[in-house]
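K.L.:
One structure follows; several queries about it will come next.
The values are calculated or read from the model by the stated rules, or taken from the named source; none is laboratory data. Given the structure is predicted, the values throughout are model-derived calculations rather than measurements. Because the Cβ atoms are built from the backbone with ideal geometry, glycine has one as well, and the counts that use them run over all protein chains shown. Surface accessibility is based on the protein's heavy atoms, side chains included, excluding ligands, DNA and RNA. Shrake-Rupley method; radii C 1.70, N 1.55, O 1.52, S 1.80 Å.
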Amino acid sequence: MTKMRKKLYSTFGEKLILQVSPFVATSMLASSPTLAATFASSFGELTFTNFNRENAAFEAINDANASAESKSDDSRADFKNFSRTNAKPTPLDISNIAESLTSGEGSSYEASAETMPRFFANFDVSSNDTLSFDFTTILDLEASVDKPGVETANAAVDIAFYLLDTTGISIDNRFDFLNSTQLEPNQISQNNILEYFTLAANIDALGRIDFINNTKSKNIDINSDFSYSNVEEIGDLARSRAISTSLFKGSVESFFEQDRNVTLLAFKNTKSNVKVPESGTSLWSVIFAGLITLVTKIKHKFDKKPTPYKGAATETKPTCVG
């Protein structure tokens, strides 16, 4: 695990950058047309702009986990984690991008990668005043396999932010928010949550676990949103690829009748996994893969019409609102 932390008080520093886990590869592999290949990618972005104030305290931290294991001489497994957080004071601007990538080739391997960046900005707001800002969230997922039923690949993203009334909470206790990868119920009362927004998606190469969910408090305005998902068969080899993309833009505005201390707390998690089981289960895996391939080809030949988004094995049209 890699962990990095930086504290800035009173005003934002010019830039805060967190970068974790450079690309790591296990044993090199001679090319062979008989070997399998998998890929999974998870990307998330969260940006806050157009704050109506400049003065703030800021804290950011990033954790990352990753592993790769080749279980046979003909296999290779790779992973990459990346996360970067920028904070600029004039105009006040905060952004984080994070990505987890995994890939593999061969007859037996597994790899996983995960990033967990989080940060907060703390403001003092006077009585009869407002705190307002805009936000943008983006997620992009991809998972693909050469041999459905033998190989597995999946990717997921979770993005969330909360506007909290932290009046009376000490500076040290605010830092405790970042020790967890999500807002814990015992950290703060539900009555202290002024606004919230969450966005989550999960996808595997066959589209069997595929969803995009978002929730928000009633006072958050969504100006535009876009979501697209597709599961497709590539070429004549029954290679399966699934993709999922979502973008939300919105604004937050809160009015305070009394002096308040307010914290904008943000969490993000990107995760990707690829795997091919060991040879002990290869016979049943091959049989299952053959059945998956046969059904996929039949469906591809006769089912030409789009099907509903969730769990679909054919292309769905993108939707755009706003």
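K.L.:
Which number in (1) at pLDDT below 95; (2) in a strand (DSSP E or B); (3) under 26 Å from THR137 (Cα atoms) marks the one condition that GLU233 misses?
P.N.:
(3)
K.L.:
Confirm whether ASN179 is open to solvent by 70 Å² or more (accessible area, probe 1.4 Å) and over 30 Å from GLU151 (Cα atoms).
P.N.:
So ASN179 passes the test.
K.L.:
Moving on to the next point. For region 150-166, which residues satisfy the criterion of being β-branched (Val, Ile, Thr) and within 12 Å of the chain's Cα centre (by Cα)?
P.N.:
Listed by number, the residues that qualify are VAL157, ILE159.
K.L.:
On the basis of being farther than 27 Å from LEU101 by Cβ and surrounded by fewer than 17 Cβ atoms within 10 Å (Cβ to Cβ), does ASP172 make the cut?
P.N.:
Working: farther than 27 Å from LEU101 by Cβ: yes; surrounded by fewer than 17 Cβ atoms within 10 Å (Cβ to Cβ): yes.
In short, yes.
K.L.:
Related question: Hey, does region 191-200 have a residue that's surrounded by 14 or more Cβ atoms within 10 Å (Cβ to Cβ), over 28 Å from ASN273 (Cβ atoms) and of a type in the set (A, V, I, L, M, F, W, C)?
P.N.:
Yes; the residues of region 191-200 include at least one that is surrounded by 14 or more Cβ atoms within 10 Å (Cβ to Cβ), over 28 Å from ASN273 (Cβ atoms) and of a type in the set (A, V, I, L, M, F, W, C).
K.L.:
Oh, and also: Which residues, counting only those in region 103-138, are crowded, with 21+ Cβ neighbours inside 10 Å and either without any contact (Cβ under 8 Å) to a residue 40 or more places away in the chain or of a type in the set (Ser, Thr, Tyr) (or both)?
P.N.:
Selection gives SER103, SER108, TYR109, THR115, THR137.
K.L.:
Would you say LEU16 is open to solvent by less than 70 Å² (accessible area, probe 1.4 Å), within 26 Å of the chain's Cα centre (by Cα) and modelled with pLDDT under 90?
P.N.:
yes
K.L.:
Moving to a separate point now. For residues that are surrounded by 23 or more Cβ atoms within 10 Å (Cβ to Cβ) and of a type in the set (Gly, Ala, Ser), tally how many sit in region 71-102.
P.N.:
The number of residues fulfilling the criteria is 5.
K.L.:
Just to be sure, is THR34 open to solvent by less than 80 Å² (accessible area, probe 1.4 Å), at pLDDT below 50, β-branched (Val, Ile, Thr) and more than 24 Å from the chain's Cα centre (by Cα)?
P.N.:
Considered against the rule, which asks whether it is open to solvent by less than 80 Å² (accessible area, probe 1.4 Å), at pLDDT below 50, β-branched (Val, Ile, Thr) and more than 24 Å from the chain's Cα centre (by Cα), THR34 comes out as no.
K.L.:
Kindly indicate the residue of region 201-221 that is outside any loop (DSSP other than H, G, I, E, B) and among the acidic types (Asp, Glu) and also surrounded by the fewest Cβ atoms within 10 Å (Cβ to Cβ) among those meeting that condition. Full working, then the answer.
P.N.:
Taking region 201-221 as the starting set, the residues that turn out to be outside any loop (DSSP other than H, G, I, E, B) are 201-204, 211-216, 221.
Restricting the remaining residues to those that are among the acidic types (Asp, Glu) gives 204, 221.
Values: ASP204: 22, ASP221: 12.
That would be ASP221.
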